[in-house]
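**Q** The structure's right below; bear with me while I get my questions together.
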Number of protein chains: 2
Amino acid sequence: MKTLQDLIDQTPDLVDHLYNDTISQYHKSRTGLLATLIAPEYTTWREEQRAWRETAVLFNQSHHMPVLFVKGRDARKLLEYLSPCTFSNLSTDRAKQYFCVTPRGHHVGDCVLNYYGEAEGFELISGMPVLNWVRFHGETGGYDVQMRFDPSTPYARDGQREKFRFQLEGPNARDILDEICEGGWPEIRFFHTAYVTIAGCRVHVLRHGMAGHAGAELSGPFAELDRVRDAIIAAGEKRGLRQAGTRTYYSTPLEDGWIPYPLPGIYTGDELRAYREWLPADSWEANMQLGGSLYSRDIEDYYWTPSALGYEKFVKFDHDFIGRAALEAQMQAPRRVKRVLRWHHDDVARIFASQTGDGPIYKAIDMPTSYYGWPQADELRSADGALIGMSQYCGYNINEREFLSLACVDEAFAEPGTEVVLTWGEVSGGSRKPHVERHDQTTIRATVHLAPFSKEAQEKLRAVI
Amino acid sequence: MKTLQDLIDQTPDLVDHLYNDTISQYHKSRTGLLATLIAPEYTTWREEQRAWRETAVLFNQSHHMPVLFVKGRDARKLLEYLSPCTFSNLSTDRAKQYFCVTPRGHHVGDCVLNYYGEAEGFELISGMPVLNWVRFHGETGGYDVQMRFDPSTPYARDGQREKFRFQLEGPNARDILDEICEGGWPEIRFFHTAYVTIAGCRVHVLRHGMAGHAGAELSGPFAELDRVRDAIIAAGEKRGLRQAGTRTYYSTPLEDGWIPYPLPGIYTGDELRAYREWLPADSWEANMQLGGSLYSRDIEDYYWTPSALGYEKFVKFDHDFIGRAALEAQMQAPRRVKRVLRWHHDDVARIFASQTGDGPIYKAIDMPTSYYGWPQADELRSADGALIGMSQYCGYNINEREFLSLACVDEAFAEPGTEVVLTWGEVSGGSRKPHVERHDQTTIRATVHLAPFSKEAQEKLRAVI
């Protein structure tokens, strides 16, 4: 068995397979993978979460994110043709949230894209499904491009990456940057980039806001990781900076509203057979691990669209791209849109309480991240029981003191304040996924909110540092 | 600053220091230390806990436990003089739960002790305070002994240990051992030892019952770790064996009732000054990390006695030993005894519920282990508010579906069924310990039970495998 297509051909029920028998990468199911590189908690995730709202927080992204470098005469042409994103404003001083869709308009994956000019080309950061999609088309589409894949540290043969990468967030981030950047922090707009000098190192900065706050992503040569980190930590000491571990890091979507790693829409359709024959049988896509209460034999029920992910604003019909006709049609029809769900406190408390005593024992709600599939897919129903959406990412945010989930909801039920019901826990006592305990299914009432949930995040997401 | 005594001399308030500014070894505060050697969870701690009650579970103890080897003409004389345990029944086919007390009868530490005969001598497994105590007396007391200290893997210069060590537990453990031991499993009594051959390796086995069930500890040359583990796992596959990670491992005291790592009673008293001048300023003892609601300026309020730990039954006045006179006096006076506390479900649920909403936010109760000090010390009060004991180790046991803690209680309040009140959370919003979040203090009602809590554990603790 060599390819994803072989796997699909030999698997009687693909959803059953992805639901039970895969081990997703980087997931809770591989807890030890990064633990010596990045601590699960440097102090406690609760104070690490508070730091991004109250002081400042430093995430180390140097190890877990794969990167694809793309350059050459046709690099721009390739990337533009693969994405609904516009390239009309392409420049070396701004980054893009880059994503691709299939010919039928299903989401493939998304990543951050940096452009370093003609010679150096493009950098696509994280998001294996989109990185693979770009590699496939770059290799097979007759483009004049050179691509270099930089795997995450645990999969790098020599444990070396090309670049270090940090994310600095929180209300004190600007002061810290102002102190450590030679000549002070250059004022740059959201998602714009610049070069600065920190501790003698040339550092690329991207004005970002991953945790909902003013923030910056800093990258540079991997060998200078410690020097730059030491400078940040020294300047952060008097400003309440905390280093954040993986537990906190994986809870940031609850603050910024980004839906991580939806299932790519690539498992069906003859038009994608060649792609599935290109993807290895042990690829990321072959190891996606479905989990949650939504259980459908039709894998397309787990697919996403740009509108469901909140990416409609990035879709520009100013160029030809794969999936263009499908997206034009999608946008005329009723669709699902991205929302945050605020879980009812009493239902969460009832599920916690079920861990003691003699009654049914519900799927435990872990903190700060409560999902147990990668991706998670929990069914959302209206008060009268109709299936109206899919909840994906879920967990706890101590700044809001809420359990939240990120979901797509039918437009008719997307009005803020609408009450919906999430089914919590898997069917039939739980899947065979080794990290899911046996449990009973129950429901959680939830209220629909705009994304991101936090008013502070909404206001500050685009504030200049 | 070279010694523990220097540290004490230069620290205005020792309790304040141990409460706030230390980082204990192997604790939750060092989450990454063992993560590549032993996964935090192999599957999920919930099913790993269930496995020790329902099928079988394998713990890897090869990495975290320091070992002291003691041999020589005076080895027995030294160890006997340092312990209230009798040596009258010393033999190479049984192990001992070995412990030491100070001249004033305070607990120093405990460990498992194996005896391999005149030539090879003794092996003391885990329990740094008792290992250090033995080393001090062995080095300074004029004994003819040779000692060799084998640090835990993260502190071993070459990452190599002398021995592997596994613990196999659960109702199916006997069948697994019977299959893998050449000639079948030898019937041996509780805490007795023997040699067996597994996968061609000579393996020392100790009939044990750490998790409350029939179990065995297996040890042998470190180089044969994988071979023996593979044999266990292969035989366990059809018997529901699960490997258990560190999260599950550190929750076993809730099943077997053993109180791990009480504060050693060595910080006070002129008679112990020489010992404190021998202990380095960065020793285990200098890094004990107090946590919990019991806050006393007098460090002796955190000391333990053999009766409080349930070790009175091991105290034998058939020999002279350090602390003998003190223990004789202790046993005539009213004292504290070991008990298990069953926490009231409603109070636990209320504390979980406080994580959402606008009210006070109580110290989060993590699962499966809920302590956040090493050692934890929570005050216990009677219904009318008198201080009647100290709760140390706490957490959740899914087999009982209870939150439990291990405590010492004044004899007058030790009757099973007595209702007591535990203060949960630290004073003044929480200590400066980096892994303790800011929180409010509250109370948890609890009922006194005999240790171990589980009827199954009580019945099976001494069952022959």
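The values are calculated or read from the model by the stated rules, or taken from the named source; none is laboratory data. Since the model is a prediction, treat every value here as computed from it, not as a measurement. Cβ atoms come from the backbone with ideal geometry, glycine included; neighbour counts cover every protein chain shown. Ligands, DNA and RNA are excluded from the accessible area calculation, which covers all protein heavy atoms including side chains. Shrake-Rupley method; radii C 1.70, N 1.55, O 1.52, S 1.80 Å.
**Q** Can you find even one residue in segment B:375-393 that is within 10 Å of another protein chain (Cβ to nearest Cβ) and of a type in the set (Phe, Trp, Tyr)?
**A** No, segment B:375-393 has no match at all.
**Q** Please pick out the residue among B:Arg165, B:Arg161 that is under 29 Å from B:Glu48 (Cα atoms), open to solvent by less than 30 Å² (accessible area, probe 1.4 Å) and in a loop (DSSP other than H, G, I, E, B).
**A** Going through B:Arg165, B:Arg161 in turn, the sole match is B:Arg161.
**Q** Related question: Answer yes or no: is there a residue in segment B:268-276 that is open to solvent by 10 Å² or more (accessible area, probe 1.4 Å) and free of Cβ contacts under 8 Å to residues at least 40 places away in the same chain.
**A** Looking through segment B:268-276, at least one residue is open to solvent by 10 Å² or more (accessible area, probe 1.4 Å) and free of Cβ contacts under 8 Å to residues at least 40 places away in the same chain.
**Q** Separate question: Kindly indicate which of A:Gly109, A:Gly138, A:Gly127 is buried (at least 23 other Cβ atoms within 10 Å of the Cβ) and either in the same structural domain as A:Gly240 (by TED's automatic domain parsing) or in contact with a helix residue (DSSP H, G or I) (Cβ under 6 Å, 6 or more places away or on another chain) (or both).
**A** A:Gly109
**Q** Name the residue, out of A:Thr153, A:Thr193, A:Thr197, that is in contact (Cβ under 8 Å) with a residue 60 or more places away in the chain and within 19 Å of A:Asp93 (Cα to Cα).
**A** A:Thr193
**Q** Could you please give the count of residues in segment B:170-194 that are over 18 Å from B:Trp52 (Cβ atoms) and in a helix (DSSP H, G or I)?
**A** 3
**Q** Then there's this: Of all the residues that make up segment A:224-280, how many are more than 14 Å from every other protein chain (Cβ to nearest Cβ) and on the phi > 0 side of the Ramachandran plot?
**A** Residues meeting the conditions: 3.
**Q** So which residues in segment A:200-211 are crowded, with 17+ Cβ neighbours inside 10 Å and touching a helix residue (DSSP H, G or I) at 6+ places or on another chain (Cβ under 9 Å), if there are any at all?
**A** Those that are crowded, with 17+ Cβ neighbours inside 10 Å and touching a helix residue (DSSP H, G or I) at 6+ places or on another chain (Cβ under 9 Å): A:Cys201, A:Val203, A:Val205, A:Gly209, A:Met210, A:Ala211.
**Q** Let me ask you something else. Test each condition in (1) within 14 Å of chain A (Cβ to nearest Cβ); (2) open to solvent by 10 Å² or more (accessible area, probe 1.4 Å) for B:Thr86 and report the one that comes out false.
**A** Unmet condition: (1).
**Q** Using the structure shown, decide if A:Cys394 is farther than 30 Å from A:Ala51 by Cβ and not assigned by TED's automatic domain parsing to the domain that holds A:Thr44.
**A** No; evaluated as a whole, the condition is false for this residue.
**Q** Let me ask something additional. Can we say A:Glu47 is within 14 Å of another protein chain (Cβ to nearest Cβ) and modelled with pLDDT of 95 or more?
**A** Considered against the rule, which asks whether it is within 14 Å of another protein chain (Cβ to nearest Cβ) and modelled with pLDDT of 95 or more, A:Glu47 comes out as yes.
**Q** For segment A:285-306, name all the residues that are in a loop (DSSP other than H, G, I, E, B) and among the aliphatic types (A, V, I, L, M).
**A** A:Met288, A:Leu290, A:Leu294
**Q** Within segment A:61-78, which residues are open to solvent by 20 Å² or more (accessible area, probe 1.4 Å) and either out of contact with any Phe, Trp or Tyr (no Cβ under 8 Å at 6 or more places or on another chain) or under 16 Å from A:Ala95 (Cβ atoms) (or both)?
**A** Scanning segment A:61-78 gives A:Phe69, A:Arg73, A:Arg76.
**Q** Go through (1) under 17 Å from A:Ile444 (Cβ atoms); (2) free of Cβ contacts under 8 Å to residues at least 60 places away in the same chain one by one and return the number of the condition A:Lys313 breaks.
**A** With respect to (1) under 17 Å from A:Ile444 (Cβ atoms); (2) free of Cβ contacts under 8 Å to residues at least 60 places away in the same chain, A:Lys313 is out only on (1).
**Q** Answer yes or no: is there a residue in segment A:409-424 that is open to solvent by 10 Å² or more (accessible area, probe 1.4 Å), at pLDDT below 95 and among the hydroxyl-bearing types (Ser, Thr, Tyr).
**A** Looking for residues that are open to solvent by 10 Å² or more (accessible area, probe 1.4 Å), at pLDDT below 95 and among the hydroxyl-bearing types (Ser, Thr, Tyr), one finds none in segment A:409-424, hence no.
**Q** Which of the following residues is among the hydrophobic types (A, V, I, L, M, F, W, C) and not assigned by TED's automatic domain parsing to the domain that holds A:Leu225: A:Leu37, A:Leu14?
**A** A:Leu14
**Q** To continue, here is another question. Being surrounded by 20 or more Cβ atoms within 10 Å (Cβ to Cβ), at pLDDT 95 or above and polar (S, T, N, Q): is that true of A:Thr102 here?
**A** Yes, satisfied.
**Q** Moving on. Does B:Arg174 satisfy the criteria of being in contact (Cβ under 8 Å) with a residue 40 or more places away in the chain and within 28 Å of B:Ser83 (Cβ to Cβ)?
**A** So B:Arg174 does not fit the description; no.
**Q** Restricting segment A:425-456 to residues that are assigned to a helix (DSSP H, G or I) and of a type outside the set (Asp, Glu), which is modelled with the lowest pLDDT?
**A** A:Lys455
**Q** Say whether the condition of being at pLDDT 95 or above and outside any helix (DSSP H, G or I) is met by at least one residue in segment B:221-233.
**A** Checked segment B:221-233: at least one residue is at pLDDT 95 or above and outside any helix (DSSP H, G or I).
**Q** So in segment A:436-457, with the set limited to residues that are open to solvent by 20 Å² or more (accessible area, probe 1.4 Å) and within 14 Å of chain B (Cβ to nearest Cβ), which one is nearest to the chain's Cα centre (by Cα)?
**A** It comes out as A:Phe453.
**Q** Based on this model, can you work out whether B:Ser405 counts as at pLDDT 95 or above, in contact with a Phe, Trp or Tyr (Cβ under 7 Å, 6 or more places away or on another chain) and surrounded by fewer than 24 Cβ atoms within 10 Å (Cβ to Cβ)?
**A** no
**Q** Return the pair list, or none, for Cβ contacts closer than 7 Å from residues in segment B:281-292 that are farther than 15 Å from B:Ser431 by Cβ to residues that are of a type in the set (Lys, Arg), at least 6 apart or on different chains.
**A** Pairs found: B:Ala281/B:Lys2.
**Q** With respect to the numbered conditions (1) surrounded by 14 or more Cβ atoms within 10 Å (Cβ to Cβ); (2) touching a Lys or Arg at 6+ places or on another chain (Cβ under 8 Å); (3) within 14 Å of chain A (Cβ to nearest Cβ), which one is the sole condition not fulfilled by B:Asp358?
**A** So the condition that B:Asp358 fails would be (1).
**Q** State the number of residues belonging to segment B:335-352 that are open to solvent by 40 Å² or more (accessible area, probe 1.4 Å) and within 9 Å of another protein chain (Cβ to nearest Cβ).
**A** 3
**Q** One residue is enough: does segment B:242-263 have a residue meeting the conditions more than 30 Å from B:Tyr303 (Cα to Cα) and open to solvent by 10 Å² or more (accessible area, probe 1.4 Å)?
**A** Yes, the conditions are met somewhere in segment B:242-263.
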